[in-house]
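The values are calculated or read from the model by the stated rules, or taken from the named source; none is laboratory data. Everything numeric here is computed off the predicted structure, so don't read it as measured data. Glycine gets a Cβ as well: all are built from the backbone with ideal geometry, and neighbour counts include every protein chain shown. Surface accessibility is based on the protein's heavy atoms, side chains included, excluding ligands, DNA and RNA. Shrake-Rupley method; radii C 1.70, N 1.55, O 1.52, S 1.80 Å.
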Amino acid sequence: MAYIAGLVIVGFFFLALHYFTELTKKQKMLITIVILAVVLSAISFNTYSNSQRDKMLTVVMKFNQNKTVKCNGIDVDNKNYTISIGTYTFIGKENTQNYGQMISASSCE
């Protein structure tokens, strides 16, 4: 829905550019290319950010299901680690060899 609203706003921008400015055709084309590049960059960043978030949440879900996940070559499981939900970080439990070790969930597979 946000993309549709964005396209409507861009459409109104181009209508205003067409009817209320005295720019040459080359200047209008340059403005159009710049606006299009900005919009496409925003869409691609949003898509990338969503895919990274989904990947991280999948890792957290596997961890919560008592499965072992691999993070930077280290096996992370419920026996040796807890998860901090606020930062999505795995923290080594007391009385284990991993005590105090912190691993970001975004670095896991």
Highest-fluctuation residue, Val34, Val59, Val76 considered, GNM on the chain with Cα pairs under 10 Å = Val34
Kindly report, to the nearest 10 Å², the accessible surface of Met56 as traced by a 1.4 Å probe over protein heavy atoms only.
-> 40
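When only C-alpha pairs under 8 Å and at least 6 residues apart count, what is the relative contact order of the chain, in percent? All intermediate terms of the calculation are to be shown ahead of the outcome.
On the way: 89 pairs, mean separation 18.6, N = 109.
With pairs under 8 Å counted, the relative contact order is 17 percent.
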Accessible area of Leu23 in the full protein assembly, 1.4 Å probe (Å², nearest 10) | 60
Tilt relative to the chain, helix 25-64 - C-alpha long axis, 0 to 90 degrees, to 10 = 20
Classify the stretch 1-43 as rounded, prolate or oblate, taking a ≥ b ≥ c as the square roots of the eigenvalues of its Cα gyration tensor: rounded when a/c is under 1.5, otherwise prolate if a/b is larger than b/c and oblate if not.
-> oblate
Note on the stretch 24-67: alpha-carbon gyration tensor, axes a ≥ b ≥ c; rule is a/c under 1.5 for rounded, else prolate if a/b larger than b/c, else oblate; result prolate
Given labels modelled 7 Å from the Cα in the Cβ direction, how far is it in nm from Ile35 to Phe20?
-> 1.2
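Could you tell me which of rounded, prolate or oblate describes the stretch 61-109, using a ≥ b ≥ c as the square roots of the eigenvalues of the alpha-carbon gyration tensor, with rounded for a/c under 1.5 and, failing that, prolate when a/b is larger than b/c and oblate otherwise?
On the way: a/c = 1.31, a/b = 1.24, b/c = 1.06.
It comes out rounded by the Cα gyration axes.
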